[in-house]
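Undergrad: I'd like to ask you about the structure that follows.
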Amino acid sequence: MQSRTDHRFNAFGPEPEDLPDDGPRPDDIDWGDPLSFFRHLNAGEPGHLPMPKMMEPSQVRQLCKERSSGIIANHDRLRRILDRHESTIQKRWTKKTKRQRLQILLGGWPNMAPMHRPDFAAFRRESEAQRELGTKLRDHFVWPYINQEDLLKPKSLLLMLKSKGRHQPCDFAAADGDAMYLGNITKAIVPIFLNCYVVTLNGMTGPEEYGKLVAWEDHEDAFDWMHTRKQFLPGEALDILEAQDRLMKFLVHCCEQLLHDIPAAELLGDKYPVQPEPILKSGVEPGGFDSLAIMAEEAPYRPPGRLDFGRIESLLAARTSASEDHLWALREDPSYFSDQLLIYKEHRQEMIKDTNGKFHPILQGVKIELFWERVIGNVLLSSHVELEIFSELRRQAEELKRLQLKYAGTLSPLKDLPEDYLVGILRFRFFLNQLAKEWLNDLKTTVVASPPMRSLFVRLPAEDLNKILITSKPGLKQDMVEKELLWLLRTLWEDGKALFLARMPMVVDELERLLCAEPRARDLISGYVAGRIGDLSILCECLRQLDIYQPWANGYESASVDREDSIKKELAAWREGWAGIHSTMKSKAMLANFKLADPSDKRFFYPTEKRRTKETVEALRQAEANLDVFWEKFDKCLYAKAGDLSKTALRKLLSQKRILQRTPEWAAPAPPEKAETTIPAVVSSEDDAIYRPLSTLYFELGASHAGKTGMAAQPKAKVKTRGAANASLVIEPETTQRQQLADAVMSLDLDQQPTFLVDSRALKVFRTLFFHAAVTSTPGEVSWNDFLHAMTSAGFRAEKLYGSVWHFQPSQLDVERSIQFHEPHPVGKIPFRMARRIGRRLARAYGWFGGMFALKEK
């Protein structure tokens, strides 16, 4: 059962409480006797912590030496085989049938787990008590990447051979240890215990140093290596060496089986000289586009990734831009504003019928106004909160990118990170984990109410308008896909022990895999929920990038102990900076304004897809006027009551020279000239448009840098476009404010824009995005695949993130700015109204217009 209290509205929902820290803190433990500590943990709660096996230093040293020697010997053999035969191995493996591949795999690894992420499957299958008594699936937790489902794919084994054979074992030590995270945290893996020693693996390329047991008293840095996690405790080091030793033997076996026709004596002889390393590209979908899901699947088989703050900043910059464009569209486009309210309305839990089949009482009579208050408040508050969140995360990523460049070439695996760099990473990581809870809470309230999921749940009869109780529909049998999907989603939104153990990136990965593999699962996800999953994927990718920054990533937790309080204060201070937005949204004055935003009376009817007539123009102008009135009241109330917003992303956005397009008054078209037979070039998607500031109030404040002033008169600056693509813009200057608006229009640099020569498929897309009646007879929809083709034709590299999000990175353009769009769900067709919005976003981001695209000669 799920409960939710909603007095008015929340941006995303209440913030979950942190996991309780109920571990013992006694003063009577004999710290000189390690067994005393473990006995105390187990006292009063048998089985709470499995007792580790104790070993003598001589035993550990012998085991380390045996395993490291085997690793180095097999690594050397694997590298020499690849030097001579990698191209042959790739060709032969690719030509094998699945049955032939499986025979080779099982020959070297009997009883190989059949499924992807067997550790995750074992975690869900075994109870905690079973694991504490001793798991029967230890292999699944030690080698989660060794499984039939992944290794039977054409490239996974080949990627692993290349990475493991052409890089040193020490490069993988930290990553191999992290692969066992779930096994260690759930106590399925219990390392042996040896106190006052450390084992050197990171950065150790020599055979004598790799896997060397060092006593704290024998090396001045040994204790620091252990404390800061630059090197390994003996127990975890033995587990890593065990994992690498068996894996190297397996990889050599696979190579020898694929080269079975070559005598063993000749395999590394002069008969087969060293060859250039062949290229093996992957990480792309079948359609040829980059895919975050495939990259995540292939990550265990590639060399450990390098922290790339450039990628992080690109993802966050594009998502910040999308938040700005979302707020812009809410102010500019009446149909978009109305659509967003209606979409969120359909994800409110009040829409679920109760156990008696009745609608919620808030949907009836005069109480419906309270319902719309909640809908409007949630849409507006969440849009402003998202802007603040992604703007701050982007700012931190930009600073970390600068620090990464500053210290490039000076870092060593055996040294601490510079203090400012380390604190910046810890702060960024803490913000990511805390702010992700906003999206987790949103899933909690919206998934069960979403139209595809609503039939699986029922609401208990309402006794309080501010409290809603939801439970699974009695007697309803769920199929396996539904159970799997709901378990993953519930794990995310409950934000409890299961998510703590499995970690959010892993759960989101599994969710995306299920959505990609099962059409039934995709059918249960609404477009809104797909967008929220996409946002989570961006945050998880940032966390994933931080976690591959080894060996320092191993020390994040210990490094946070002395710095977490100050970072928490920074988070609280940042939240306080825009707390006025949150409180003002719930004020009586703002709630009164929400009546102007109620879409139920069709005040935002906006027939952009219809041919321009006097009636349609009047409807467009009336909808725009209604929207402008609401936002003018909104800005006045926010400015008067929200306090100092000077440091917020919202104030920065609203005070920029950004402009809204407005429909001019109706004018009967002039009769066509008979001599005119050519189609005029298109400069803009609008024949004639009026421009006004994004916010009349904040635009004036940003322009004048003055204190509080009264509202300025709404500008009537009119911009007309005539002639060829290089035609000038004619501005009617009146006031300084209007001139600044004109400067904003001129800043598009239409004269400097290139002409894109594209094929007919792409040209058709761009003519729809930048619709012009003189060029295209009727507006139409665009298939998503055609849109991807058009964007790549124009110089972008497309990458599929999770959910519905696609990331477009310039690859052949003289710009660096990325942009993100949502794939239509569940049908891959972009309706005209959405296409028009995409066109406007491209115009704002890159200054694009319809006249820039021409047909490439065959």
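No lab work stands behind these numbers, since they all come straight from the coordinates. Just so it is clear, the structure is predicted and the values come from calculations on it, not from any experiment. Quick reminder, even Gly has a Cβ in these numbers, built from the backbone with ideal geometry, and neighbours come from all protein chains shown.
Undergrad: Residues with amide H under 5 Å of Phe853's amide H, sequence separation 5 or more or different chain, H placed in the peptide plane at 1.01 Å from N; which?
TA: Residues meeting the amide H criterion: Phe756.
Undergrad: According to a simple spin-label model (label point 7 Å from Cα along Cα-to-Cβ), what is the distance in nm between Asp420 and Ser566?
TA: That separation, rounded to one decimal, is 1.3 nm.
Undergrad: I've got another one for you. Return the distance in nm (one decimal) between the two label points of a simple spin-label model at Glu242 and Arg125, each offset 7 Å from Cα along Cα→Cβ.
TA: Spacing of the two 7 Å Cα→Cβ label points: 1.9 nm.
Undergrad: Here's another thing I want to ask about it. Give the distance, in whole Å, between the Cα centre of the range 163-199 and the Cα centre of the range 789-841.
TA: Taking the Cα centre of each part, the range 163-199 and the range 789-841 sit 40 Å apart.
Undergrad: Spelling out what I want: for every residue of the range 363-369, take phi, set θ = phi - 60°, compute 6.51 cos²θ - 1.76 cosθ + 1.60 (Karplus), and round to whole Hz; glycine and proline get x.
TA: 3J(HN,Hα) across the range 363-369, in whole Hz: 8, 10, x, 6, 5, 4, 5.
Undergrad: Using a 10 Å cut-off on Cβ atoms, rank the peptides 563-572, 70-79 from the highest mean neighbour count down.
TA: 70-79, 563-572
Undergrad: When each pair of different Cα atoms in the range 57-274 is counted once in the 1/r mean, what is the Kirkwood radius in angstroms, to one decimal?
TA: 18.6
Undergrad: Something else: A 28 angstrom limit on the alpha carbon distance is what I want to check against. Which of Lys569/Lys641; Lys136/Lys800; Lys610/Lys652 exceed it?
TA: Violating the 28 Å Cα-Cα cut-off are Lys136/Lys800; Lys610/Lys652.
Undergrad: Determine, from the Cβ-Cβ distance of Ile343 and Thr97 and an R0 of 41 Å, the FRET efficiency 1/(1 + (r/R0)^6), rounded to the nearest 0.05.
TA: Taking R0 as 41 Å, the efficiency between Ile343 and Thr97 is 0.30.
Undergrad: Report, by chain and number, residues whose modeled amide H sits under 5 Å from the one on Gln275, excluding near sequence neighbours (fewer than 5 apart, same chain).
TA: Arg84
Undergrad: At 7 Å along Cα-to-Cβ for each site, give me the label-to-label distance between His167 and Lys641 in nm.
TA: Calculated label separation equals 5.5 nm.
Undergrad: Give a residue-ordered list of calculated ³J(HN,Hα) values for the range 201-210 (Karplus: 6.51 cos²θ - 1.76 cosθ + 1.60, θ = phi - 60°; whole Hz; x for Gly, Pro).
TA: 10, 4, x, 9, 8, x, x, 6, 8, 6
Undergrad: Might you report the magnitude of the Cβ-based charge dipole of the range 57-274 about its Cα centre, with Lys and Arg at +1 and Asp and Glu at -1, to the nearest 20 debye?
TA: 1400
Undergrad: I've got another one for you. So for each of 314-325, 209-220, 547-558 I average, over its residues, the number of other beta carbons within 10 Å; can you give me the resulting order with the highest mean first?
TA: The peptides rank, most packed first, as 314-325, 547-558, 209-220.
Undergrad: Sort 779-790, 96-107 by packing, meaning the average of other beta carbons within 10 Å per residue, with the highest value first.
TA: The peptides rank, most packed first, as 779-790, 96-107.
Undergrad: Okay, moving on. For the range 753-858, just run the numbers: alpha carbon Rg, then divide by 2.2 N^0.38 Å, N being how many residues it has.
TA: It is 1.01.
Undergrad: For a Förster distance of 35 Å, can you work out the FRET efficiency between the beta-carbons of Gln478 and Val366, rounded to the nearest 0.05?
TA: 0.35
Undergrad: Could I ask something else about it? Any chance you could check the Cα centroid distance between the range 337-351 and the range 260-331 for me, in angstrom?
TA: Cα centroid to Cα centroid, the span is 38 Å.
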